[in-house]
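**Student:** My structure is below; once you've seen it, I'll send some questions.
The values are calculated or read from the model by the stated rules, or taken from the named source; none is laboratory data. Please read all numbers here as calculations on a predicted model, not as lab measurements. Every residue, glycine as well, gets a Cβ built from its backbone with ideal geometry; the counts of neighbours run over all protein chains shown. Only protein heavy atoms, including side chains, enter the accessible area calculation; ligands, DNA and RNA are left aside. Shrake-Rupley method; radii C 1.70, N 1.55, O 1.52, S 1.80 Å.
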Amino acid sequence: MEVIICQDEEAVGAYGAAKVAQIARAVGPSVVIGVATGSSPLSTYANLAAMVHDGTLDLSDATAFALDEYVGLPIDHPQSYHATIHRTVTEQLGLDPARVHVPDGSLENLQTAGERYEAAIKAAGGVDVQILGIGANGHVGFNEPTSSLSSRTRMKTLAPRTRADNARYFDSIDDVPIHCVTQGLGTILDARHVVLVATGAQKANAIAAIVEGPVSSMFPGSVLQLHQYATIVVDEPAAELLTMGAYYKHVNDNLPAWQRLDV
Ligand code: F6R
């Protein structure tokens, strides 16, 4: 696990984007990117968008898979993840909407939503780089505490803390859906690279738990300790409970030139 501690949110976005772009360029035009919603990756998307606009990155042939979707929200609801991904990712990064996939959260098709999504990811050749945020309770995707560490895409019930955190996007907490369809932790682990971005003191406990705590379904993001290429990019407030912060900085200050990222 690679831990990058940045000064502030802006630097997290710059580093996250540089890492994703490095992988995307190495893979080539048909790169498959896993994308998260929420506020954490927005600065990463903004930096990737700047690269697309200045011509240093071309994602027009890329494929994208979102992590999750609420159950029961129409896809044209502004807070559906279909609409959110379209607004914050597809349009910003110049992706082809036909190659941007979001789980099907419609009630009618719920029973097969997970297996259909897994099949689509497989048909695309798997995810090359997965961008992740993290919930204050340690969830990644919407894999809430006690999610199976080998889970695949399926319906989950949102934790009360997650509904409260996401109520800021709705008129009231009662409008936040109770269920979601989310990629599983096993699905996320299958991505070839993972880049998790987190900012702010409200994420400090979760970051310390997933980086330095035991691998446990009580902090689902801790499953990333089992991933060969997981990069955790945090700002100083999100890093404040890490006991080995000085070591992570020392590692990065002393990387051999071939391992350094040009940010
Ligand atoms: C979003 C997702 C969630 C968020 C997490 C953090 O698709 O799967 O895991 O990444 O809830 O949300 P923010 O970034 O808004 O704090």
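**Student:** For the range 43-140, what Kirkwood radius comes out of the mean inverse Cα-Cα distance, in Å?
**Tutor:** 14.6 Å
**Student:** Please work out the ratio of the alpha-carbon Rg of the range 82-139 to 2.2 N^0.38 Å and round it to two decimals.
**Tutor:** That ratio works out to 1.29.
**Student:** Any chance you could run the full-extension gain for residue 150 through residue 244? It's 0.36 nm times the residue separation minus the Cα-Cα distance, nm to one decimal.
**Tutor:** Difference between extended and current length: 31.0 nm.
**Student:** Here is a further query. Given an 8 Å cut-off on Cα distances and at least 6 residues of separation, report the relative contact order of the range 2-228 as a percent.
**Tutor:** Reported relative contact order: 22 percent.
**Student:** Whenever you get a sec, compute what percent of the accessible area on the range 2-228 sits on carbon and sulfur atoms (1.4 Å probe).
**Tutor:** The value for the range 2-228 is 53 percent carbon and sulfur by accessible area.
**Student:** Something else now. Using 7 Å Cα-to-Cβ label points, what is the residue 50/residue 115 separation (nm, one decimal)?
**Tutor:** The answer from the label model is 4.6 nm.
**Student:** Let me ask something additional. Explain nothing, just the number: dipole magnitude of the range 30-141 about its Cα centre with +1 on each Lys and Arg Cβ and -1 on each Asp and Glu Cβ, in debye rounded to the nearest 20.
**Tutor:** On the way: 4 positive and 13 negative charges, 32 e Å.
Dipole about the Cα centre, nearest 20: 160 debye.
**Student:** Can you list the HN-Hα couplings for the range 25-35, worked out from phi with the Karplus curve (6.51, -1.76, 1.60; θ = phi - 60°), rounded to whole Hz and with x for Gly and Pro?
**Tutor:** 5, 5, 6, x, x, 8, 3, 10, 10, x, 10
**Student:** What is the magnitude of the charge dipole of the chain about its Cα centre, with +1 placed on the Cβ of each Lys and Arg, -1 on the Cβ of each Asp and Glu, and no other charges, expressed in debye to the nearest 20?
**Tutor:** Values: 16 positive and 29 negative charges, 118 e Å.
With only Lys, Arg, Asp and Glu charged at Cβ, the dipole is about 560 debye.
**Student:** For residue 203, give me every one of the lysines with a C-alpha distance below 24 angstrom, ignoring sequence neighbours fewer than eight places off in its own chain.
**Tutor:** Reachable lysines: 19, 156, 249.
**Student:** What percent of all Cα-Cα pairs in the range 2-228 falls in each 5 Å bin, counting up from 0?
**Tutor:** Per 5 Å bin, starting at 0, the Cα pair percentages come out as 1, 7, 15, 21, 21, 18, 12, 4, 1, 0.
**Student:** List residues of the range 203-218, by number, whose backbone nitrogen lies under 20 Å from a label position 7 Å along Cα→C-beta of residue 39.
**Tutor:** Of the residues in the range 203-218, 203-208 have backbone N under 20 Å from the label point off residue 39.
**Student:** May I ask which residue of 206, 89, 186 lies farthest towards the positive end of the charge dipole of the range 2-228, with charges of +1 (Lys, Arg) and -1 (Asp, Glu) on Cβ and the Cα centre as origin?
**Tutor:** Projecting each Cα onto the dipole axis, the largest value belongs to 186.
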